[in-house]
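The values are calculated or read from the model by the stated rules, or taken from the named source; none is laboratory data. Every value quoted in this text rests on a predicted model; they were computed, and no experiment measured them. Note that each Cβ is placed from the backbone with ideal geometry, even for glycine, and that neighbours are counted across all protein chains shown.
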Amino acid sequence: MSEALANLLNETRQFPPPAELAADANVTADAYAEAEADRLAFWERQAGRLIWAKQWDQVLDWSNPPFAKWFVGGQLNVAYNCLDRHVEAGRGDKVAIHWEGEPGDTRTVTYAELHRLTCQAANALTELGVVAGDRVAIYLPMVPEAAVAMLACARIGATHSVVFGGFSVESLTNRIQDASAKVVITADGGYRRGKPSALKPTVDEAVANCPSVEHVLVVRRTGEEVAWSAKDRWWHETVETASAEHTAAAFDAEHPLFILYTSGTTARPKGILHTTGGYLTQVAYTTHAVFDLKPETDVYWCTADIGWVTGHSYIVYGPLANGATQVMYEGTPDTPHKGRLWELVDKYGVTILYTAPTLIRTMMKWGEEIPAGYELSSLRLLGSVGEPINPEAWMWYRQHIGRGELPVVDTWWQTETGAIMISPLPGVTAAKPGSAMAPLPGIDADVVDDQGQSVPNGGGGYLVLREPWPSMLRTVWGDDNRFIETYWSRFGAGAGGATGAEWVYFAGDGAKKDDDGHIWLLGRVDDVMLVSGHNISTTEVESALVSHPSVAEAAVVGATDPTTGQAIVAFAIPRGTAETAGETGEQLIADLRAHVAKTLGPIAKPRQIMLVPELPKTRSGKIMRRLLRDVAENRSLGDVTTLQDSSVMELIASGMSGGKSDED
Ligand code: ATP
Ligand code: MG
């Protein structure tokens, strides 16, 4: 039988956990054995990290797959678990959020204050007619009110739908309409790249086409003038004048907590529905286990936007459920200068940093002199999420941000999984650069071939999850069929497997197992290239390119080719200044082709390589290969081998400039 996905890259470096971290780690290797012995009992113990108003009767009801119910019969309040219980335990004065605005203004929000604001917002939303089960859309910049708005919804049982503040009128309109949101919470604007960036006009335009919306609550952030309608209410006049007394009611473990639309990297976004008890259990546990978070001493910082699932699970719910102190930053990493993030790490004494490969590769491009200008001595753990991290980017992160000694946890998960699924445990796992390593305790992940059979070590194929997990999506909002079709119909029972076959979740990602059985993510299955009968992953070729000292970032796509079926076309961003690349462009391209052939074998040698200053990315910073495929196929690339081809760059640039919405 033919290979599902080629395994070309051979990475042998390995880094054991620092002894000090391992000695005091929150989670030890025993967790794997415990979960292995009894998975449901393991998750039941993790649910004990939360305070429940009513104990569950059953850990998991999987009698109607693929529709799962976790902690059936249990009741709890998410906001109570993130706020009240810390205040009640005497930790009200502890800082929850060190907030830094882009212009340099700051706010220090304690648990007591976050609790008070959330109670006020809960009362204000109730007065606006929001009741449990209603949907509330949130379209805010990175200000503390974003967390308050989410927690206030959770507190009253309203289901929030956060829409990233960079999305267009159409994207916002579609999301409000799809969820029939009753209230929209927004701001006049936020600061981005050194100037105010308005949000309210986008909401005004969207709401004009959204009859479900009864009220718009507006946070004043920039002070810029905004149009005003009868539906609009100022946050400071509504929330900040409301009573701070609010008793949180308990909701069913399966009560809808939020809808979040996937980023739309590959297709029309889906409204992913998450519920209450299982979700909070797994985000609380993974924050504790993967980040080794010690709430008394750590200062945690996740650089994601609250509009992505990473912001939901690892800025709001996971860290707050654990009583963490964290940093929240409003702006872009290069404003007012390219060392801004490192300046903030030093300023707040950040110990745990969680960011994305796109940012790490950008920092590589800017040059290591920039972080070298900062101490970064408070850091003790680094994390990555969002895309496969190339081994070279992983090494750079460890070397230049992690003083060459910190553990790096590469965490694989999705909007759909709700929480981290595959990741090293920092006190246990000897991590390999570029590998997400192993499923977390209580998670059953596997790599399978076309027939759904587990591939042997050394083989590649499709990443699947074989058992339900607490923070799994429950459905696609309003579209159970799309839920079944998209995630459960490729393998196992849902694919019409033999009677008695299990239900298997298909993640849409390619992966391989190395010779030790560790898992390496190979990018989306939709992006896999079929070259002369071999399925080659984009990730491996990109990683080979990035392993060349002159390349900071690369994207590869398969373009139709008369002889090989598809041929590999690569786009590479040189490290350092573009000028160096200009002088040596032709030579560098020749070197890179030879380098890939040497690293992965001649089959993976790109037909063409273009040196470019930027790559098209989604709003969450992921490379949009779909667009590059168009570029690679819609014109004869012939002799276009230098970065001076402005028409290709215009094409690439027009996709980046924000003119593209995620729906097209
Ligand atoms: P859509 O599903 O609408 O195309 P999306 O998949 O980009 O959008 P997310 O849920 O934000 O939306 O991203 C999850 C995906 O990101 C994963 O399926 C995987 O492709 C990629 N990903 C996330 N973390 C990692 C990681 N650590 N290693 C490799 N890939 C990752
Ligand atoms: Mg996806």
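Using the structure shown, decide if Gln608 is polar (S, T, N, Q), modelled with pLDDT of 90 or more and touching a helix residue (DSSP H, G or I) at 6+ places or on another chain (Cβ under 9 Å). Yes: the conditions hold for Gln608.
When Asp346 is tested against (1) under 15 Å from Arg380 (Cβ atoms); (2) assigned to a loop (DSSP other than H, G, I, E, B), only condition (2) is not met. When the range 381-394 is examined, which residues are found to be in contact with a strand residue (DSSP E or B) (Cβ under 7 Å, 6 or more places away or on another chain) and more than 16 Å from ligand 2 (Cβ to nearest atom)? Listed by number, the residues that qualify are Leu381, Leu382, Gly383, Ser384, Ile389, Trp394. Here Gly460 passes the criteria (1) surrounded by 24 or more Cβ atoms within 10 Å (Cβ to Cβ); (2) under 25 Å from Asp38 (Cβ atoms) except the one numbered (2). In the range 262-271 there is at least one residue that is touching a helix residue (DSSP H, G or I) at 6+ places or on another chain (Cβ under 7 Å), part of a loop (DSSP other than H, G, I, E, B), closer than 29 Å to Pro468 by Cα and within 16 Å of ligand 2 (Cβ to nearest atom).
Taking the criterion of being charged (D, E, K, R) and away from ligand 1 (no atom under 16 Å from the Cβ), the residues of the range 410-452 that qualify are Asp444, Asp449, Asp450. Residue selection: Thr262 fails the criterion of being polar (S, T, N, Q) and more than 16 Å from ligand 1 (Cβ to nearest atom). Residues in the range 297-305: is at least one farther than 28 Å from Lys195 by Cα, among the hydroxyl-bearing types (Ser, Thr, Tyr), at pLDDT 95 or above and surrounded by fewer than 24 Cβ atoms within 10 Å (Cβ to Cβ)? Yes - at least one qualifying residue is present in the range 297-305. Could you say whether any residue in the range 349-368 is within 15 Å of the chain's Cα centre (by Cα), outside any helix (DSSP H, G or I), surrounded by 24 or more Cβ atoms within 10 Å (Cβ to Cβ) and within 16 Å of ligand 2 (Cβ to nearest atom)? There is no residue in the range 349-368 that is within 15 Å of the chain's Cα centre (by Cα), outside any helix (DSSP H, G or I), surrounded by 24 or more Cβ atoms within 10 Å (Cβ to Cβ) and within 16 Å of ligand 2 (Cβ to nearest atom).
Does Gly517 satisfy the condition of being closer than 10 Å to Leu463 by Cα and either in a loop (DSSP other than H, G, I, E, B) or out of contact with any Pro (no Cβ under 9 Å at 6 or more places or on another chain) (or both)?
So Gly517 fails the test.
Looking at His337, His288, just one residue is away from ligand 2 (no atom under 16 Å from the Cβ), part of a helix (DSSP H, G or I) and surrounded by fewer than 24 Cβ atoms within 10 Å (Cβ to Cβ), and that residue is His288.
Look through the range 368-402, keep the residues that are within 17 Å of His548 (Cα to Cα) and of a type in the set (D, E, K, R), and return whichever of them is nearest to ligand 1 (Cβ to nearest atom). So the residue we want is Glu392. So, of the residues in the range 74-107 that are among the β-branched types (Val, Ile, Thr) and farther than 20 Å from Val143 by Cα, which turns out to be surrounded by the fewest Cβ atoms within 10 Å (Cβ to Cβ)? Of everything passing the filter in the range 74-107, Val87 is surrounded by the fewest Cβ atoms within 10 Å (Cβ to Cβ).
Is there a residue in the range 311-320 that is surrounded by 24 or more Cβ atoms within 10 Å (Cβ to Cβ), more than 17 Å from the chain's Cα centre (by Cα) and not in a loop (DSSP other than H, G, I, E, B)? Yes, some residue in the range 311-320 is surrounded by 24 or more Cβ atoms within 10 Å (Cβ to Cβ), more than 17 Å from the chain's Cα centre (by Cα) and not in a loop (DSSP other than H, G, I, E, B).
Return a yes/no flag: does the range 509-516 have any residue that is more than 25 Å from the chain's Cα centre (by Cα), at pLDDT 95 or above and more than 16 Å from ligand 2 (Cβ to nearest atom). Scanning the range 509-516 turns up at least one residue that is more than 25 Å from the chain's Cα centre (by Cα), at pLDDT 95 or above and more than 16 Å from ligand 2 (Cβ to nearest atom). Any residue that is in a strand (DSSP E or B) and more than 25 Å from Thr12 (Cα to Cα) - is there at least one of those in the range 531-554? Taking every residue of the range 531-554 in turn, at least one turns out to be in a strand (DSSP E or B) and more than 25 Å from Thr12 (Cα to Cα).
Listed by position, the strands (runs of 3 or more DSSP E) inside the range 99-211 whose residues that are within 25 Å of Tyr314 (Cα to Cα) and more than 21 Å from the chain's Cα centre (by Cα) number at least 3 are 106-110, 183-187, 189-192.
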